[in-house]
Amino acid sequence: MPLIDNYRRAHDDLRISVTDRCNFRCFYCMPEEGMNFLPQEEILTYEEMARVVRITTELGFVSYHLTGGEPLVRKNLDVLIRKMLEIQPDMDLALTTNGVFLPEMAQQLYDAGLRRVNISLDSLDESKFLLMTRRNLLGRVMEGIEAASKVGFNPIKINAVAIKNLTEEELPRFAKWARETGHIVRFIEYMPLDADKTWNREKVMSAEEILEGLSSEGDLELINGHPSDPATRYRYKDGKGEVGVIASVTRPFCEDCNRIRLTAEGEIRTCLFSAVEHNIKSLLRGKASDDEIKEWLAEVVRTKTPGHLIGQKEFVQPSRTMSSIGG
Ligand code: SF4
């Protein structure tokens with residue numbers, strides 16, 4: 001039986017954060033200093049993650065997304081990828097990475113069977129990249145994108161966080177780049193998941209503003225996508241290039257949400273902005289059978305709220321940062 005919540009949403013997409021560690025310090029996510037990362041023994045093993053994958057495939061899940069922190073800081077990720085594809089060879093499996101380790105690891109990931117990578121890249125300008133990530137590694141990321149392209153990852157999706165008074169100049173730059181390279185650039189509206197809790201609505205660049213900036217490079221037309229796909233996709237009418245917007249704040253897509261999340265230390269989150277979490281690790285490390293875990297997951301999904309409350313007075317920013325949820 002698929003996991004259906006009280007709003008008739010069927011869930012078939014699991015996002016797995018394989019680590020809370022990251023080699024970047026993006027200001028819209030992490031503090032510059034003072035991150036306390038989880039000790040190894042608190043983190044789920046690849047066997048435990050694979051068991052959750054197997055159980056959820058038996059509940060009709062078909063798409064899986066590996067995230068972090070930065071997932072490639074965790075060793076031997078190809079081992080988990082192989083385990084997952086042994087369980088369900090035709091699963092839709094993607095990885096979101098900041099790209100820094102791809103020059104060395106792209107081939108290994110491709111050989112393990114991975115076919116989709118999303119690369120987080122907020123700016124094509126070195127100084128702005130440094131400002132946003134607090135790392136001077138734009139060159140490495142570009143090498144990583146090149147390496148991923150070379151080994152066969154295609155298309156490559158780029159995720160760029162759009163923030164007022166930072167991203168305006170990036171829009172035509174990324175639009176040109178997307179049209180030249182064929183990489184699909186999606187802009188994500190800035191969400192209240194930052195460690196410093198300095199997010200406010202005024203800093204959000206809306207979908208309208210993003211599309212206006214992207215249209216400076218040509219007329220856009222909507223591409224009909226899957227209703228549960230977070231990104232609204234557009235192509236340039238001259239056929240050169242595809243871009244997208246993930247408008248969680250100004251155009252919420254919660255009514256078609258099909259996702260749940262597994263954190264690195266074994267908490268199930270029914271929503272990115274969940275105020276409550278559900279510990280599956282104690283079940284995995286206890287004596288619970290697969291059927292008991294399936295029942296438990298069905299119960300958990302029935303607690304899912306209709307959607308986020310951003311912009312409403314009831315909204316409470318989650319205590320977790322994006323880095324320990326994994327987007
Ligand atoms: S905010 Fe929550 S309910 Fe809405 S789309 Fe994201 S995960 Fe789903």
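The values are calculated or read from the model by the stated rules, or taken from the named source; none is laboratory data. For clarity, every value in this text was computed on a predicted model and none was experimentally measured. A quick note on method: Cβ atoms are made from the backbone with ideal geometry, for glycine too, and the neighbour counts reach across all protein chains shown. For the accessible areas, the whole protein counts, side chains as well, though only heavy atoms, and no ligand, DNA or RNA atoms are used. Shrake-Rupley method; radii C 1.70, N 1.55, O 1.52, S 1.80 Å.
Every listed requirement among (1) in contact with a Gly (Cβ under 8 Å, 6 or more places away or on another chain); (2) open to solvent by 60 Å² or more (accessible area, probe 1.4 Å) is met by Gln107 save one, (1).
Taking only the range 288-327 into account, find how many residues are within 18 Å of Thr56 (Cα to Cα) and without any contact (Cβ under 8 Å) to a residue 12 or more places away in the chain. So that I can check it myself, show each step before the final result.
Filtering the range 288-327 down to residues within 18 Å of Thr56 (Cα to Cα) leaves 288-304.
When the remaining residues are screened for being without any contact (Cβ under 8 Å) to a residue 12 or more places away in the chain, the result is 288-289, 291-292, 295, 299.
Residues flagged as within 18 Å of Thr56 (Cα to Cα) and without any contact (Cβ under 8 Å) to a residue 12 or more places away in the chain within the range 288-327 amount to 6.
Counting only residues that are away from the ligand (no atom under 15 Å from the Cβ), under 16 Å from Gly327 (Cβ atoms) and among the hydroxyl-bearing types (Ser, Thr, Tyr), the range 232-255 holds 0 of them.
For the range 213-228, a residue qualifies if it is away from the ligand (no atom under 11 Å from the Cβ) and either surrounded by 20 or more Cβ atoms within 10 Å (Cβ to Cβ) or in contact (Cβ under 8 Å) with a residue 24 or more places away in the chain (or both), and the qualifying residues are Gly213, Leu214, Ser216, Glu217, Gly218, Pro227. Looking for something within 30 Å of Ser274 (Cα to Cα), among the aliphatic types (A, V, I, L, M), free of Cβ contacts under 8 Å to residues at least 40 places away in the same chain and part of a loop (DSSP other than H, G, I, E, B) - is there at least one such residue anywhere in the range 148-161? The answer is yes; a qualifying residue exists.
Of all residues in the range 61-85, those being open to solvent by 60 Å² or more (accessible area, probe 1.4 Å) and farther than 12 Å from Tyr46 by Cβ number 1.
When the range 229-245 is examined, which residues are found to be open to solvent by 20 Å² or more (accessible area, probe 1.4 Å), in contact with a Phe, Trp or Tyr (Cβ under 8 Å, 6 or more places away or on another chain) and closer than 15 Å to Leu171 by Cβ? Scanning the range 229-245 gives a single hit, Glu242. In the range 295-312 there is at least one residue matching the filter, namely being farther than 24 Å from Ile188 by Cα, within 13 Å of the ligand (Cβ to nearest atom) and open to solvent by 20 Å² or more (accessible area, probe 1.4 Å). Checked against the criterion of being touching a Lys or Arg at 6+ places or on another chain (Cβ under 8 Å) and crowded, with 19+ Cβ neighbours inside 10 Å, the candidates Ile260, Ile280 yield just one match: Ile260. Within the range 175-196, residues that are aliphatic (A, V, I, L, M) reach partners that are modelled with pLDDT under 95 and part of a helix (DSSP H, G or I) with beta carbons closer than 9 Å, at six or more positions or on different chains, in the pairs Met191/Met322; Leu193/Met322; Leu193/Ser323; Ala195/Met322; Ala195/Ser323. If only residues of the range 270-294 that are small (Gly, Ala, Ser) and within 20 Å of Asn258 (Cα to Cα) are counted, the one that is farthest from the ligand (Cβ to nearest atom) is Ala275.
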